[in-house]
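Here the structure comes first, spelled out in structure tokens, and everything after it is commentary.
The values are calculated or read from the model by the stated rules, or taken from the named source; none is laboratory data. None of these values were measured; they are calculated from a predicted model. Cβ: placed from backbone, ideal geometry, glycine included. Neighbour counts: every protein chain shown.
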Amino acid sequence: MAGVTASDAGTPIRRESRLSWLWQLLGDPLGAFGLFLVLVVVVSAAFADVLAPYDYKALDVKARLGAPSWDHLLGTDNLGRDTFSRILHGGQIALYVALVSIGASLMLGLILGMLAGYGPRWLDNFLMWIFDSVRSFPVIMFALAVITVVGPSLETIIFVVIATTTPGYARIARASTLATKNTEFILAERSLGAGVWRIMFSHLVPNIVQPLLILCSMDIPVVITIEAGLSFLGLGVKPPTPSWGSILNDGFGFIRNTPWLVVAGGIPLIVTTLGFTFLGEALRDVLDPKLKKDR
Amino acid sequence: MLLYTVKRLGLAILIVCLAMLMLLSAIHMVPGDPAGIALGPRATPEMREEFRALMGLDRPFFVQYFKFLANVMAGDLGVDVWSKRPVSTMIGEQLPHTIALALVGLGWAILLGIPMGCFSAVHRNSPLDKLTAILSVGCIAIPSFIVSLYALLLFAVELRWFPAIGAGEAGDLEDQFVHLVLPGLAVGLGWVGYLARFVRTSMLEVMGENHIRMARAYGLPTRRITYIYALKLAILPTVALLGVGVGSLISGAVFAEIIFARPGVGKMVVDAVNTRNYPIVMGGVLVTTMLFALSTLISDLVAAWLDPRIRQSL
Amino acid sequence: MPELLKADGVRVRFRTSGLVNALLKGIADPYIDAVMRVSFGLRQGETFGLVGESGSGKTTLGRAIIGLARAQEGSIAFEGQELVGLKDAQYRGVRRNIAMMFQDPIASLSPRKTVRNAIAEPFRIHGIAKDLGEEARRLLRLVGLHEGFLGAYPHQLSGGQARRVGVARALALEPRVIIADEPTAGLDVSVQGEILNLMNRLQRELGLSYLIITHNLPVVRHVSDRLAIMYLGRFVETGATKDIFAKPAHPYTLGLLAAVPEPDPDKRRDKLELEGEIPSLMNRPRGCEFHTRCPFAQAKCRETAPEHRKVAEGRWASCHYPFPDPADARPVGPAAA
Amino acid sequence: MNANGGDRVLEVRDLSVSFRTGRGVVRALRHVDMAVPRNKIVGIVGESGCGKSTLINSVLRLLAANAVVGDSSTVLFRGDDVLRMNDRQLRAMRGQKISMVFQDPMTALNPVISIGTQMADILYRLDMTAAGKRERAADMLAQVGIPDPMRRLDDYPHQFSGGMRQRICIAMALMMNPALLIADEPTTALDVTLEAQIIHLMKDLRARFECSMLFVSHNLGLIAELCDEVVVMYAGEVVEQGEVHDLFHRAKHPYTQMLLECDPARIEKASRALPTIQGSVPDLIDLPRGCIFGPRCPKRYEPCDASPPGTYGVNAIHSARCFQVRDA
């Protein structure tokens, strides 16, 4: 048939590399620095058993409250345990809590948020009411109330974190769902006869999950802070399991005479939270097209 | 505006009611004797009996709930399990310290954060903007209790610029204020960074809008464009955010009160958790939650009032 | 000729505010009528144009036909099968026969799916097992795009290319009717012609019927056989395209045609036909809803609403005083020149 | 004062603008020459990507940060080069001597500042009392057909409809009695009956305010309706310009001819086979060697592929960038 090939049909297609975002990330000094810190933390936690010079439980009363030295890089605590070894193992706890609870919050928040955004109006109102109520507790206060009832433990912390962070994810998922569900491509899908589940999982999720993933990377330091904070109050993981918070708690009592315990206990927290936050900020700048132009 | 106020107020009340329901049902959700759970293993059978009567645990749950609601409304939060003092009185003694701490923290955040954000947005991509970005992201990232601990270590223990512990002499406002500077900064630092980032982003967003281009095309002075045309719009989400800030400041206050050995609701609640004093925990959590709800309500209403699009809708 | 698609007294209402809001504001009726009891028929192989300004309800009517908006009253029948009141699952079969093209060519493609997946999507939805790659290539050829586009993402396409992909996807299930919402929106004049020619060729080859929703009068004059002019959710005039352009019966049609500027500097207008703005759907005028802007309005127009009645062979208008005869109507638009 | 400064409000000479992007340098405007004579309305017409917006942004110096303006380019506004003005001079020019009406009236007004304040702010340079400024603003609103203007000054933009907002924008543009008004597709976002009203208003105001206008549109009908002179742009170049009747009836450049042919509003008889322009707009990063329109031109012959054509005069007020005009 004559004239089948259209005039504007021949424009070459621009192809973009799928990994271009990674290069952009590494090109951002702060992003690269954040990634480096995160890698340091993750590797040291993963290989804590190999890297730790001492058993983190081993008591050595003679060497208690020792200053940093070649034997004990970061000194020892009031029971003579090696602080460096305890910090390495503390990293495992911190990352474990962060991964488990954020993974669960992400899934739960995504599902509840999509239900609120795509479902009937009453369900939306009801879910939003619950989210707002949970969010109206200051996090630490909520944690304290729960701990009073069920007692301090790792599981309690994970529960508290899931309960307090899920509404954040759900709200973002809901907002993106609301913004997406009346776009033309979703209407086009519906006009083709696609069912609710197909629209939700094949078309909504890929388009709304990105801001949630960015939020995840921003939330990891927040969760690690909550865990360490509760352990600092003596309401987190039970001794002798090391946590960065409990190391700080141990050191707090001796802050006037042997401050290095507090200093050493704080460093891994600062490194981790800075690393994840820088990485998260850089990721958001790279991935969020709305903010891209502002760079 | 009236319609909006009524709706927003109704929502705030509903939220607080639901929060109370969650709090009360917490001790019922865990299997076992609620009194035993609330008071811990150290409690004697008499004490448990007394606690049950006190909380009305023998009555049906919803009766308890509405009784509880009624009591709260009348200002009755129950009594301390151990000392038998009314919880409301105890909180009344501690609350001003916590509020003062949160306000000083918020003050730091507003005083430093908003100008920092504006500056960054105006001088976008300059070296100083990048420096502010690193500083503010750093402020957000570092946990407030680490800031408290290091601040205590540096300024109070090593440099001795500020007093280390306590709230200062009662009645001596200057002394009390001096005692607030360090904890206030520790509590507010994260929010300094957060506000700076937030203001920068919303300013940049507004600066990219069409009406700002139009104001430029009309040759209005840059200052007027930035501080009236752009800021008036960019400040709206910031104002709404400030209320949410109070919640996280209260959380931060818990640590600051313990680290700087200050009186306050946070310290009281943590002590109560350790002694399994459930009425105090519940009262403390409830009051801070209400405080949080109130602050978000106020900031939402102020933001709405500043926005003619909402203000003029009835 | 029998009508393939027949709408009769279709009414679509939307809730404007929540129940609580309505109560607080004291609104008795928190609904608006986006489409107000309209009737028309679409014949096999025909192109029917729905023309109106924004808020006229033309898009809502199109969406009601394909089941994206719910018609509260009236009937929409496809080959005798009633569509109003069908559940979503029951609608699936209908959607193989009626396809829709949306206004924004790029935004109506899922941003994270390639052209190949976008075109294969209808087959997947309806569980039609075919060689999807081969089908996608065939459909692309049909709309004049080469195979290199299969792996492209929507944001890599130009408006015209994305519009072609939209046409290919609409054609996938071999529908009988295509509803095209502003098929030339956002396209340059030179590309616009190509898309219209493509749609025209496909209509001839495949025997399609089109329902074209547009505000573009110069375009609709060339492509549609019959027209309905919409105002505030109602049909104010219906009839054959060439007749309407030659001698509008309704004052609104006249005003609409006169508002289109003519690309000839010798034919400048010195008079304005229509003043004022379209009233809000929340606040419909009494009587004839056009009387607030009608230069010919009389006492009766402010009191009673006119019916959509036959004014000539094949012509209907909602006006108490329609322009009676070709001789009386002033010539407007290029068609009459 | 410049020799031509007397009768030309705006004169663009050899304007070239490029944008540095990740993919390469986009040569958005190349050697553009055009002028707006005093008390005339000049229309710029072209399809998307032809450089209309870049041209007006250059005139107002509102270009994005990655833009590079050619060394030999000048934009003379009443004899002064806009491209070489400092910030103070620019601000003195914008709004006072040149003003602008934007495409989308829904986003062009600040939503949290009242109309009256926004209008009075434009008069900040004048030594007037606040009440005087308000009165002037109300007077302008009345001129553009806003009923009850004094009372409406305290209203906010969301309280006006789209058509009303565009009227307000026009009123703002005329507040300082500018020498040049730039209108960037001012009716694209409006319905056809409102479009007709706004065009009618602009004609009306033109008779009352002595003001030159640069009117940008992709709609040939509006250009024919309103303009005295027309500039046709294609892919960053001015391909043809001339007096409006001359250009519409005796177009010389093949692109202009085809553009006019394509317009469905100009095709007298209803037709299902509409004319089109073969091929597509060239990539502005990688330009063809010869004439920019060459690859799509049905009348192409040898000279077209070798080098880009210059601008050749058809008559005193009509010129085209085409070898056929030279060879004619």
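Yes or no, residue by residue, for (1) within 15 Å of C:Ser54 (Cα to Cα); (2) surrounded by fewer than 21 Cβ atoms within 10 Å (Cβ to Cβ); (3) at pLDDT 95 or above:
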site	(1), (2), (3)
C:Ala246	no, yes, no
C:Gly255	no, no, no
C:Ala258	no, no, no
C:Arg269	no, yes, no
C:Gly276	yes, yes, no
C:Leu281	yes, yes, no
message = Could you check segment A:143-162 and list, in sequence order, the residues that are facing chain B (nearest Cβ under 7 Å) and free of Cβ contacts under 8 Å to residues at least 60 places away in the same chain?
response = A:Ala145, A:Val146, A:Thr148, A:Val149, A:Val150
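Please go through segment D:277-309 and give me each residue that is part of a loop (DSSP other than H, G, I, E, B) and charged (D, E, K, R), ordered by number.
D:Asp283, D:Asp286, D:Arg289, D:Lys299, D:Arg300, listed by residue number.
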query = Which numbered condition trips up D:Ser217, out of (1) in contact with a helix residue (DSSP H, G or I) (Cβ under 7 Å, 6 or more places away or on another chain); (2) over 25 Å from C:Ile195 (Cα atoms); (3) within 12 Å of chain C (Cβ to nearest Cβ)?
reply = (2)
Unique residue being in a helix (DSSP H, G or I) and either in contact (Cβ under 8 Å) with a residue 24 or more places away in the chain or not polar (S, T, N, Q) (or both) when the list is D:Leu274, D:Leu201 = D:Leu201
key: Unmet criterion (only one of (1) surrounded by fewer than 22 Cβ atoms within 10 Å (Cβ to Cβ); (2) modelled with pLDDT under 90; (3) within 18 Å of D:Leu109 (Cα to Cα)) for D:Leu153   = (2)
message = Looking at C:Arg138, C:Arg112, can you tell me which residue is more than 21 Å from C:Leu61 (Cβ to Cβ), at the interface with another protein chain (Cβ under 7 Å from one of its Cβ atoms) and basic (Lys, Arg)?
response = C:Arg112
ask   = For segment B:269-314, which residues satisfy the criterion of being part of a helix (DSSP H, G or I) and among the hydroxyl-bearing types (Ser, Thr, Tyr)?
value = B:Tyr278, B:Thr288, B:Thr289, B:Ser295, B:Thr296, B:Ser299
request  = State whether the residues of segment D:256-263 include one that is farther than 21 Å from D:Glu47 by Cβ and either in a loop (DSSP other than H, G, I, E, B) or touching a residue at least 60 places away in the same chain (Cβ under 8 Å) (or both).
outcome  = no
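Which residue out of B:Leu241, B:Leu249, B:Leu233 is surrounded by fewer than 23 Cβ atoms within 10 Å (Cβ to Cβ) and among the hydrophobic types (A, V, I, L, M, F, W, C)?
B:Leu241
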remark   = Within segment D:112-140, residues β-branched (Val, Ile, Thr) and part of a helix (DSSP H, G or I) come out as D:Ile115, D:Thr117, D:Ile122
message = Give all pairs with beta carbons closer than 7 Å in which a residue from segment B:1-26 that is more than 7 Å from every other protein chain (Cβ to nearest Cβ) and assigned to a helix (DSSP H, G or I) meets a residue that is of a type in the set (D, E, K, R) and surrounded by 14 or more Cβ atoms within 10 Å (Cβ to Cβ); count only pairs at least 6 apart in sequence or on separate chains.
response = B:Arg8/B:Asp300
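Criterion first (over 29 Å from C:Asp8 (Cβ atoms), among the hydrophobic types (A, V, I, L, M, F, W, C) and within 13 Å of chain D (Cβ to nearest Cβ)) does C:Ile212 satisfy it? Before the answer, list the steps.
Working: over 29 Å from C:Asp8 (Cβ atoms): no; among the hydrophobic types (A, V, I, L, M, F, W, C): yes; within 13 Å of chain D (Cβ to nearest Cβ): yes.
Here the answer is no, as C:Ile212 does not meet what is asked.
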ask   = Inside segment A:181-198, can you point out the residues that are within 10 Å of chain C (Cβ to nearest Cβ) and either of a type in the set (Val, Ile, Thr) or touching a Phe, Trp or Tyr at 6+ places or on another chain (Cβ under 9 Å) (or both)?
value = A:Thr183, A:Glu184, A:Phe185, A:Ile186, A:Leu187, A:Ala188, A:Ser191, A:Gly193, A:Val196
ask   = Of the numbered conditions (1) free of Cβ contacts under 8 Å to residues at least 12 places away in the same chain; (2) basic (Lys, Arg); (3) within 12 Å of chain D (Cβ to nearest Cβ), C:Arg293 satisfies every one except a single condition; which is it?
value = (1)
Residue in segment B:299-310 that is at the interface with chain A (Cβ under 9 Å from one of its Cβ atoms) and among the charged types (D, E, K, R) present = no
Check on D:Tyr255, in contact with a strand residue (DSSP E or B) (Cβ under 8 Å, 6 or more places away or on another chain) and among the aromatic types (Phe, Trp, Tyr) = yes
inquiry  = Take D:Arg27 and tell me if it is out of contact with any strand residue (DSSP E or B) (no Cβ under 8 Å at 6 or more places or on another chain) and of a type in the set (D, E, K, R).
reply    = no
Pairs where the first residue, in segment B:118-129, is under 19 Å from B:Glu209 (Cα atoms) and the second is hydrophobic (A, V, I, L, M, F, W, C), C-beta under 6 Å, 6+ apart = B:Ala121/B:Met203; B:Ala121/B:Leu204
remark   = With criteria (1) more than 19 Å from the chain's Cα centre (by Cα); (2) in contact (Cβ under 8 Å) with a residue 12 or more places away in the chain, C:Glu82 comes up short on (2)
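Condition check ((1) more than 10 Å from chain D (Cβ to nearest Cβ); (2) over 29 Å from the mean Cα position of the chain (by Cα)) across all residues:
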| position | (1), (2) |
| --- | --- |
| B:Leu185 | yes, no |
| B:Met207 | yes, yes |
| B:Arg213 | no, yes |
| B:Gly219 | no, yes |
| B:Tyr227 | yes, no |
query = Do we have C:Ile178 as in a loop (DSSP other than H, G, I, E, B) and under 21 Å from the mean Cα position of the chain (by Cα) here?
reply = no
ask   = Which residues, counting only those in segment B:57-85, are of a type in the set (A, V, I, L, M) and in a helix (DSSP H, G or I)?
value = B:Val63, B:Leu69, B:Ala70, B:Val72, B:Met73
key: Index of the failed condition, C:Gly151 passing every other in (1) surrounded by fewer than 22 Cβ atoms within 10 Å (Cβ to Cβ); (2) closer than 29 Å to D:Leu220 by Cβ; (3) away from chain D (no Cβ under 14 Å)   = (2)
ask   = From C:Ile119, C:Ile125, which residue is under 28 Å from the mean Cα position of the chain (by Cα), facing chain A (nearest Cβ under 10 Å) and either under 22 Å from A:Asn182 (Cα atoms) or surrounded by fewer than 18 Cβ atoms within 10 Å (Cβ to Cβ) (or both)?
value = C:Ile125
request  = Within segment B:217-227, identify whether any single residue is among the charged types (D, E, K, R), touching a helix residue (DSSP H, G or I) at 6+ places or on another chain (Cβ under 9 Å) and closer than 30 Å to D:Gln89 by Cα, and answer yes or no.
outcome  = yes
request  = Please find, within segment D:58-77, the residue that is surrounded by the fewest Cβ atoms within 10 Å (Cβ to Cβ) out of those that are under 19 Å from D:Val36 (Cα atoms) and modelled with pLDDT of 90 or more.
outcome  = D:Thr74
query = Going by the structure shown, is C:Ala162 in a helix (DSSP H, G or I), within 13 Å of C:Arg116 (Cβ to Cβ) and more than 8 Å from chain A (Cβ to nearest Cβ)?
reply = no
